[in-house]
Structures are given as C-alpha cells and as structure tokens.
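The values are calculated or read from the model by the stated rules, or taken from the named source; none is laboratory data. Computed from a prediction, not measured in an experiment: that's the story for all the values here. Methodologically, a virtual Cβ is constructed for each residue, glycine included, from the backbone with ideal geometry; neighbour enumeration extends over all protein chains shown.
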Amino acid sequence: MNYLENFYHHVYGPENGRKWIFVHGLMGFGQNWRRIISSFEKTERCLSYDQRGHGRSFKPESGYTPDDYADDLKKIVDELGWEKFILVGHSMGGRNVLVFASKYPEYVEKLIIEDIGPESNSGASEYYEYLLNLVPTPFSSRDQARQFFAEEFVKTAKTRENVEVISRFFYSNIEEKPNGTLDWRFSKSGIIESVRAGRDQDRWQEVRNLKVPTLLIRGENSQELSRESYQSMLDCNSMIKGVEVSNAGHWIHSDQPETFVEVLKSFVGDFSQSEK
C-alpha cells in the first residue's frame, strides 16, 4: 500500500537539496508553511503535509496520540527514502516532532520546535471543545460563515491569543462540502482527541533524552509556552538552544516570518553554502 496517498502533501525544491520537513499545529494544514518554505525552496528539498485528521488528509475515527502522528511521519519518510532531514514542528506539531526525534533520532539531522512545552494538562481539551462548540456548523453559505467569524465569534469567544487571529484561523478551516454546506476542514473529534492524548502525560523525559541538535523558538507574547517552561527546557539538555522572538505570539512563523526564516537559517549554519 502507498501510505503517502493518505496524506495531502507537497514537496518543493530540487531533488538533490538538503531535506526539510515542516509539521503544522493543531487545526492547521501543510500550506500554513508556504510562506516560510518559499524562502528555502530554491536550494532545499521541503516537504509539508496535512497530518491525519487535518486538512485534506485521511481522517480515521481514532489514533490521535503523538506516537500515532510520529509513526505516520516514519512511514512517510521511509516511503520517500528520506534517511536524514531537518525537522520543524509548530505547536502540536512541535510535540509530535519531539516524540518522533525521541523514537527515531537516527533520522533527524536537526530539530526545530516552535512554541510548545512538554507539560501535561488534563483539562486542555476543554478549551478547544469550548471554542469549536461556539461555531454553529454547518453554515449554509460562505457569506454566513464569513459574517459569523467577523462579528459574533470576535464578540463572544474568550481566547488566549488575539481573538481576531483565532477567528481568521478558524475561518480558514471552513470549506465547502459536496452537499453545498460549509463545515470544518478537519475532523472535530480528531482535534479534541489530539489535545486530550497530547496532554495526558508530560514529555519531559523526551526533552531530557534528546540526542539531536535542537532549537526551541518562543514567541515573546506566547500564551502557550511560558518563559519558565522555555528556560527549564534549555536548562535540562545542553543539546537544546533557544531563541525568543520579539513581537510574536504563538504563531511565530506567521507573526514574524522574516525573523523566523533567519532564525532557522542561523541555526542550520551552512545554509549560505547550499545557496551558492
């Protein structure tokens, strides 16, 4: 079976380029990375994909633990024949790539974790259930969906990050279905299970045991990764270096894309040589 067929994905850049994989966060999809990848694709070979339950990829009824996501990636890279690559993950994707690097360190040349910590939180899924349940899907028209997110959602939703950013992000996840209605692009139950399974235990052991050069990026204004947790991650493993990006929240690669690209290039080190 061609396992990669389960995933909506794109590969950019020259076949002989150094390999990168970009893994999106909760309720995201591979194209969230398009602006970042555009700065790399002249010389680098970049893969982005919609993780299970997200975007246009397959949406099984169950199987949304970090290990499930990590094992998906293992099957994908084995099928592609990628034996070594730089791995970038944002938010939930950052937790999933942490687990991947813990299980399969031989594949990872360098690891980049964007704005996620290893703590457990048994009530984490309640926040996302609350937000998702505010949205009266399905919508009968695109105008109805647009109006709801622009007006009612912004007025009523109690969000950790900027409510207008969340509103736009949610709206980007609404798509037209075959029957003409508009509904979530992702599996709602899969999203909630991803949060529950991702936060049911802490991942400090994986952080302490990392054996690959790792960059941890925090947004200065992040409500997801506290400065205390960020510092603790740096202190517990000398393989982890840290960068805090000013004027950025949880979505650093969206809030400060140019800075994000420069941070990645600086960490990788020999990027300029690969551009010659």
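Per-residue answers, yes or no, for (1) over 19 Å from T214 (Cα atoms); (2) out of contact with any helix residue (DSSP H, G or I) (no Cβ under 7 Å at 6 or more places or on another chain); (3) of a type in the set (D, E):
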{"residue": "E41", "(1), (2), (3)": "yes, yes, yes"}
{"residue": "E79", "(1), (2), (3)": "yes, no, yes"}
{"residue": "I86", "(1), (2), (3)": "no, no, no"}
{"residue": "V108", "(1), (2), (3)": "no, no, no"}
{"residue": "D115", "(1), (2), (3)": "no, no, yes"}
{"residue": "P118", "(1), (2), (3)": "no, no, no"}
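Flag: G55 matches the condition of being surrounded by 16 or more Cβ atoms within 10 Å (Cβ to Cβ) and assigned to a loop (DSSP other than H, G, I, E, B).
Looking only at the range 164-179, which residues are β-branched (V, I, T) and more than 14 Å from R146 (Cβ to Cβ)? Residues satisfying the conditions are V165, I166.
Of all residues assigned to the range 17-28, none qualifies as being more than 18 Å from W251 (Cα to Cα), of a type outside the set (D, E, K, R) and touching a helix residue (DSSP H, G or I) at 6+ places or on another chain (Cβ under 6 Å).
Within the range 58-105, restricting attention to residues that are of a type outside the set (V, I, T) and in a strand (DSSP E or B), which residue is nearest to H253 (Cα to Cα)? Write out each step before concluding.
Applying the first criterion (of a type outside the set (V, I, T)) to the range 58-105 yields 58-64, 66-75, 78-85, 87, 89-96, 98, 100-105.
Next, from what is left, pick out any that are in a strand (DSSP E or B): 85, 87, 89-90.
Values: F85: 20, L87: 15, G89: 11, H90: 9 Å.
Of everything passing the filter in the range 58-105, H90 is nearest to H253 (Cα to Cα).
Quick one: would you say Y104 is farther than 21 Å from E176 by Cα, at pLDDT below 95 and not small (G, A, S)? Against the criterion (farther than 21 Å from E176 by Cα, at pLDDT below 95 and not small (G, A, S)), Y104 does not qualify. Here K74 meets the list (1) touching a Pro at 6+ places or on another chain (Cβ under 9 Å); (2) under 17 Å from L4 (Cα atoms) almost entirely, failing just condition (1).
Condition (residue is closer than 28 Å to K188 by Cα, part of a loop (DSSP other than H, G, I, E, B) and in contact with a Lys or Arg (Cβ under 8 Å, 6 or more places away or on another chain)) applied to the range 11-31: is it met by at least one residue?
Here is the first cut: in the range 11-31, the ones closer than 28 Å to K188 by Cα are 11, 21-31.
Checking which are part of a loop (DSSP other than H, G, I, E, B) leaves us with 24-29.
With in contact with a Lys or Arg (Cβ under 8 Å, 6 or more places away or on another chain) added as a condition, the list becomes 29.
Checked against the condition, which is being closer than 28 Å to K188 by Cα, part of a loop (DSSP other than H, G, I, E, B) and in contact with a Lys or Arg (Cβ under 8 Å, 6 or more places away or on another chain), the range 11-31 yields at least one hit.
So, in the range 131-173, exactly how many residues are within 20 Å of V195 (Cα to Cα) and touching a Ser or Thr at 6+ places or on another chain (Cβ under 6 Å)? Matching residues across the range 131-173 total 1.
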